[in-house]
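Here is the structure we will look at.
The values are calculated or read from the model by the stated rules, or taken from the named source; none is laboratory data. Because the structure is predicted, anything quoted here is derived from the model rather than measured. Note that each Cβ is placed from the backbone with ideal geometry, even for glycine, and that neighbours are counted across all protein chains shown. Protein only, heavy atoms only, side chains kept; ligands, DNA and RNA dropped before computing areas. Shrake-Rupley method; radii C 1.70, N 1.55, O 1.52, S 1.80 Å.
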Amino acid sequence: MESWSQVRIFHSGDEYYLSLIQDIRQAKSSVTIESYIFAVDKLTNSIIEELTKARERGCTVKVIVDGFGSYYSIPQLDRLFAQRGIEMRVFHPFPYPLLWVRRLFSKHTSQRSWVFKSINRRTHRKITIIDEKRAYLGSFNFTQDHCESLIGKKAWRDTGVWVEGPAVRRLVLAFQISYLRTYLKGIINWLGRWRPKSEPHEALLRLNTTQRMRRRLYKDLLMRLNRAQSRIYITTAYFLPKRALLRALMKAARRGIDVKILIPGKSDVPMVKWAAFYIIRFLLHKRVPIYEYQKTILHAKTMIIDNEAFIGSFNLNHRSVLHDLEVEVILNDPDSLHNMLQQWQMDIDNSKLVSEKDFAAPSWLARLLYSIAFRLRYML
């Protein structure tokens, strides 16, 4: 069975970013970052300083940020990176309200019409690649929200991982495609249609760069759920699954598979929780156990299906399936599985089992809000 040569899993933002900063300090040739959110705060200021030192050592340093996720920080990031000789590009930029900001922003794309055509296409990945050998990924954005040392007990619960092995080359290629899309989008999309039907290392790495890959990955996930033999443990920050996935979960539960779903008790995007209200109530009626994490905001995106663990940026919602660029690694070694099962149990211990009483008939105002949010679920 194909596997990664080295793996390290993180469930703490402090540990994740300490390791990342250490690897940036030791980088010899290149550091590339692709992130949905790249804020400007205490954490990222220290990372930017390390990227600057890497650039001064002769490393190639490139950063891609999403035009929506990093919207408010892009003007400041543009100045910070330009002063330090670091190349930053914006994936599908949004227009800014002030003309002078728009002029500053326009250099990141050669055709402003793309702004409106691509408004719903985002890069939701969080990838850092060191020397094209080690890749960090998971659900950690570049923001101090994940670090208890900086914001205290309110730090979000996330999971990340670094991996090494031949499959890292696929992540390097994925970054290069995202980079080219920031100014050659039409050509790259056309070339993407001619990609082979199977991808190298897809037993270890799930990338949805093209529409063909999106369809294949979704069918593959449904197949894995339908073939599960013992357990399906899902941790997701935004739970708005398509109907086929709901049916697969219910069928697995009826077959006697241990199906459990962990969602946030408090969400950073409340509208997603409203939209999921009737879905969760439906699953509870079908006797599928659902837990709500209580300790802090749950932002992790992981799954355990039988003896394989999945860590990445994928949410079980329409955006991840239909629109956003995502990435996920599959870990099949015993140590990684043991690590993920331990963390699963810790998360369950910090959660409450949701009952149908918790989702009893809401007030007319709540029903209205939930109904509106549900109809907007394709955008959430």
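Here are the numbers:
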read-out	value
Cross-chain or 6+ apart pairs with Cβ under 6 Å, segment 147-167 first and within 18 Å of residue 47 (Cα to Cα), then open to solvent by 50 Å² or more (accessible area, probe 1.4 Å) and in a strand (DSSP E or B)	162/8
Meets criteria (assigned to a helix (DSSP H, G or I), modelled with pLDDT under 95 and either open to solvent by 50 Å² or more (accessible area, probe 1.4 Å) or closer than 21 Å to residue 313 by Cβ (or both)) for residue 223	no
Matching strands (runs of 3 or more DSSP E) fully within segment 304-380 where at least 2 residues are out of contact with any Phe, Trp or Tyr (no Cβ under 9 Å at 6 or more places or on another chain)	308-312
Cross-chain or 6+ apart pairs with Cβ under 7 Å, segment 356-371 first and modelled with pLDDT of 80 or more, then open to solvent by 90 Å² or more (accessible area, probe 1.4 Å)	369/274; 370/274
Scan of segment 147-194 for residues that are hydroxyl-bearing (Ser, Thr, Tyr), modelled with pLDDT of 95 or more and surrounded by 18 or more Cβ atoms within 10 Å (Cβ to Cβ), ordered by number	159
Members of segment 324-339 found to be within 12 Å of residue 213 (Cα to Cα) and either open to solvent by 10 Å² or more (accessible area, probe 1.4 Å) or free of Cβ contacts under 8 Å to residues at least 12 places away in the same chain (or both), listed by number	none
Candidates 260, 301 - the one that is under 30 Å from residue 181 (Cα atoms) and modelled with pLDDT of 95 or more	301
Any hit, segment 350-361, residues being open to solvent by 10 Å² or more (accessible area, probe 1.4 Å), aliphatic (A, V, I, L, M) and closer than 25 Å to residue 125 by Cβ	no
When residues of segment 121-176 are limited to those that are in contact with a helix residue (DSSP H, G or I) (Cβ under 8 Å, 6 or more places away or on another chain), among the acidic types (Asp, Glu) and assigned to a loop (DSSP other than H, G, I, E, B), the one farthest from residue 13 (Cα to Cα)	132
Selected residue (criterion: farthest from residue 176 (Cα to Cα)) from residues of segment 1-38 that are of a type in the set (Val, Ile, Thr) and open to solvent by less than 10 Å² (accessible area, probe 1.4 Å)	24
Residue list for segment 265-286, restricted to those being part of a loop (DSSP other than H, G, I, E, B) and closer than 20 Å to residue 145 by Cα	265, 266, 267, 268, 269
